[in-house]
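As structure tokens, the structure follows; a few thoughts come after it.
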Amino acid sequence: MAAIVLIGAQWGDEGKGKITDFLAQKAEVVVRYQGGNNAGHTVVANGEEFKLHLIPSGILYENKTCIIGNGVVVDPKVLLQELDYLNSRGVKTGKLLISTNAQVIMPYHRLLDALEEDARGANKIGTTKRGIGPAYMDKSARIGIRIIDLLDKDVFEAKLRRNLQEKNTLLTKIYGVQPLEFEEIYTEYLGYAERIKHLVTDSSLAIDSSIRNGEKVLFEGAQGTLLDLDHGTYPYVTSSHPIAGGACIGAGVGPTKITRVVGVVKAYTTRVGEGPFPTELLDETGEKIRQIGHEFGTTTGRARRCGWFDAVIARYAVRVSGISDFAVTKLDVLTGLDKIKICVGYRVGGEVIYEFPQSQKIFTDCIPVYEEMPGWQEDLTGVRKFEDLPVEAQNYVKRIEQLTETSATIVAVGPGREQTIVRGEIF
Ligand code: IMP
């Protein structure tokens, strides 16, 4: 039995798609457990680039079961577009399953996400405006529409009518926009239900039987630790739980079944949207990293904010998710820098702290304390063994390991499947 949770250990966009794709080679089942189409995973398989938002990256292998778990918020329109996109590129999607209990993103969620974000003005979060937050709000408010509800016309009608009554009051009275029509949404969503109904299942049961049968299961997190609703840089977070514990809730699997937790970290740090980011580089180096690393959002196209590696948050991610192994991605992007910095602590007032502070006000004021290491000039993209990396690159990775007390078992030196250095068994 092996059940691995793979998570983002920074602010998302760590290159999880590539590592999931790599680990999926050995897995029989790949499961998404939280988030929705706010995520964007770019995977290069056999020289071809695929951009996925909702469907687990394991779908690029023909024989893997891919599951969208109950913790995911599903926009059925996007799901069907993604299926059509994959099919049109020759990818078979027959082994996709969707949890009966996943929540459905409705048109009013997307609309409210945009309206609420605009209303925040200077306090905006920088959401992806995909309806993610409002869909999770309805889930917590116990008025959400689940996938299983779509499959029963009467239940769906009752729930949609009740929701529209409330949402239309909000839309017209608070935001002063036009109300939404019942018939249009009802017909549209019943059409989606018709197309996905054969994929819908009790996914917790499916995962449990795979584990009992000795199959390898990979739980694929979206976003990252610092975007976790409880453990991230609140309120500049997403509305779900990207940390490893989120897999248990979002897939219906017990914690004793998880055998390993892989934390994906970029060799530097990026963030999209608003919120504190102590090691952010607002200079030429930041711009250089953005250009070389193609740091523009897969989902929204926004330029990502770039900065040095922050060992304080990486250690924090190890703590809150119990990370057993790191996958360090995009090491190749740092080629050509004379000096590379690692943040080892934060200066706050007259004090230096070494743990992620609970107060976001303090975190906003943190000034990084850096260690400086020599860079390297060699191209790393063809390297396949750790010992063949320039010694400066090896030392950089080893320093990350020391500071986080976690082994960097995987090191990625390019987007391709083969551009992956493996230093130990994961599965
Ligand atoms: P939401 O998830 O659309 O509500 O956005 C909330 C915050 O999470 C914003 O700062 C987004 O930029 C960020 N976010 C959401 N999904 C991702 C992702 O996949 N990568 C990076 N940031 C994300």
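The values are calculated or read from the model by the stated rules, or taken from the named source; none is laboratory data. If you're wondering where the values come from, they're calculated on a predicted model, not measured in any experiment. Glycine also receives a Cβ, built like all others from the backbone with ideal geometry; neighbour counts cover every protein chain displayed. To get the accessible areas, we keep the full protein, side chains included, count just its heavy atoms, and leave off ligands, DNA and RNA. Shrake-Rupley method; radii C 1.70, N 1.55, O 1.52, S 1.80 Å.
Got a number for residues in the stretch 304-330 being in a loop (DSSP other than H, G, I, E, B) and among the small types (Gly, Ala, Ser)?
Total meeting the criteria: 2.
Can you find even one residue in the stretch 413-427 that is within 17 Å of Trp11 (Cα to Cα) and assigned by TED's automatic domain parsing to the domain that holds Phe22?
No; the residues of the stretch 413-427 include none that is within 17 Å of Trp11 (Cα to Cα) and assigned by TED's automatic domain parsing to the domain that holds Phe22.
Residues in the stretch 214-229 that are more than 9 Å from the ligand (Cβ to nearest atom) and either buried (at least 24 other Cβ atoms within 10 Å of the Cβ) or of a type in the set (D, E, K, R) (or both): how many?
Residues flagged as more than 9 Å from the ligand (Cβ to nearest atom) and either buried (at least 24 other Cβ atoms within 10 Å of the Cβ) or of a type in the set (D, E, K, R) (or both) within the stretch 214-229 amount to 10.
Exactly one condition in (1) open to solvent by less than 10 Å² (accessible area, probe 1.4 Å); (2) outside any loop (DSSP other than H, G, I, E, B) is not met by Thr256; state its number.
(1)
Hey, among the residues in the stretch 28-55 that are in contact with a Pro (Cβ under 7 Å, 6 or more places away or on another chain), under 30 Å from Arg212 (Cα atoms) and among the aliphatic types (A, V, I, L, M), which one's surrounded by the fewest Cβ atoms within 10 Å (Cβ to Cβ)?
Top of the filtered list is Val30.
What is the one condition in (1) within 30 Å of Thr285 (Cβ to Cβ); (2) within 16 Å of the ligand (Cβ to nearest atom) that Ser240 does not satisfy?
The number of the failed condition is (1).
Might you let me know whether the stretch 165-181 holds any residue that is of a type in the set (D, E, K, R), more than 16 Å from the ligand (Cβ to nearest atom) and touching a Ser or Thr at 6+ places or on another chain (Cβ under 9 Å)?
No, every residue in the stretch 165-181 fails to be of a type in the set (D, E, K, R), more than 16 Å from the ligand (Cβ to nearest atom) and touching a Ser or Thr at 6+ places or on another chain (Cβ under 9 Å).
Out of all the residues in the stretch 54-61, is one or more touching a Leu at 6+ places or on another chain (Cβ under 8 Å), among the aromatic types (Phe, Trp, Tyr) and modelled with pLDDT under 95?
No, the conditions are met nowhere in the stretch 54-61.
Here's the yes/no breakdown for (1) small (Gly, Ala, Ser); (2) within 27 Å of Gly414 (Cα to Cα); (3) within 16 Å of the ligand (Cβ to nearest atom); (4) at pLDDT 95 or above:
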position: Ala247; (1), (2), (3), (4): yes, no, no, yes
position: Lys257; (1), (2), (3), (4): no, no, no, yes
position: Val264; (1), (2), (3), (4): no, yes, yes, yes
position: Tyr268; (1), (2), (3), (4): no, yes, yes, yes
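Looking at Ile105, Ile59, which is the one that is more than 12 Å from the ligand (Cβ to nearest atom), closer than 29 Å to Val320 by Cβ, open to solvent by less than 30 Å² (accessible area, probe 1.4 Å) and not charged (D, E, K, R)?
After ruling out the rest, the residue left standing is Ile59.
Collect the residues in the stretch 123-162 that are open to solvent by less than 60 Å² (accessible area, probe 1.4 Å), part of a loop (DSSP other than H, G, I, E, B) and within 16 Å of Val73 (Cβ to Cβ), keeping them in residue-number order.
If the condition is that a residue be open to solvent by less than 60 Å² (accessible area, probe 1.4 Å), part of a loop (DSSP other than H, G, I, E, B) and within 16 Å of Val73 (Cβ to Cβ), then Thr127, Thr128, Gly131, Ala141, Ile143, Gly144, Ile145 are the ones that fit.
Kindly evaluate Glu117 against the criterion of being within 16 Å of the ligand (Cβ to nearest atom), free of Cβ contacts under 8 Å to residues at least 40 places away in the same chain and either in the same structural domain as Glu82 (by TED's automatic domain parsing) or assigned to a helix (DSSP H, G or I) (or both).
So Glu117 passes the test.
Kindly provide the set of residues from the stretch 276-297 that are among the acidic types (Asp, Glu), farther than 18 Å from Gln10 by Cβ and either touching a residue at least 60 places away in the same chain (Cβ under 8 Å) or not in a loop (DSSP other than H, G, I, E, B) (or both), ordered by number.
Glu284, Glu287
Given Gly301, Gly232, which one is in a loop (DSSP other than H, G, I, E, B), open to solvent by less than 10 Å² (accessible area, probe 1.4 Å) and within 14 Å of the ligand (Cβ to nearest atom)?
Gly232
Looking at the stretch 259-270 only, could you name the residues that are open to solvent by less than 10 Å² (accessible area, probe 1.4 Å) and among the hydrophobic types (A, V, I, L, M, F, W, C)?
Once the filter is applied, which keeps residues that are open to solvent by less than 10 Å² (accessible area, probe 1.4 Å) and among the hydrophobic types (A, V, I, L, M, F, W, C), the stretch 259-270 yields Val262, Val264, Val265, Ala267.
Quick check on my filter: what residues within the stretch 271-298 are open to solvent by 60 Å² or more (accessible area, probe 1.4 Å) and either within 16 Å of the ligand (Cβ to nearest atom) or closer than 20 Å to Ala39 by Cα (or both)?
Listed by number, the residues that qualify are Glu274, His294, Phe296.
In the stretch 353-384, how many are more than 19 Å from Leu337 (Cα to Cα), in contact (Cβ under 8 Å) with a residue 12 or more places away in the chain and among the hydroxyl-bearing types (Ser, Thr, Tyr)?
Residues flagged as more than 19 Å from Leu337 (Cα to Cα), in contact (Cβ under 8 Å) with a residue 12 or more places away in the chain and among the hydroxyl-bearing types (Ser, Thr, Tyr) within the stretch 353-384 amount to 2.
Residues to consider are Tyr108, Tyr61; find the one that is hydroxyl-bearing (Ser, Thr, Tyr) and under 30 Å from Glu184 (Cα atoms).
Among Tyr108, Tyr61, only Tyr108 is hydroxyl-bearing (Ser, Thr, Tyr) and under 30 Å from Glu184 (Cα atoms).
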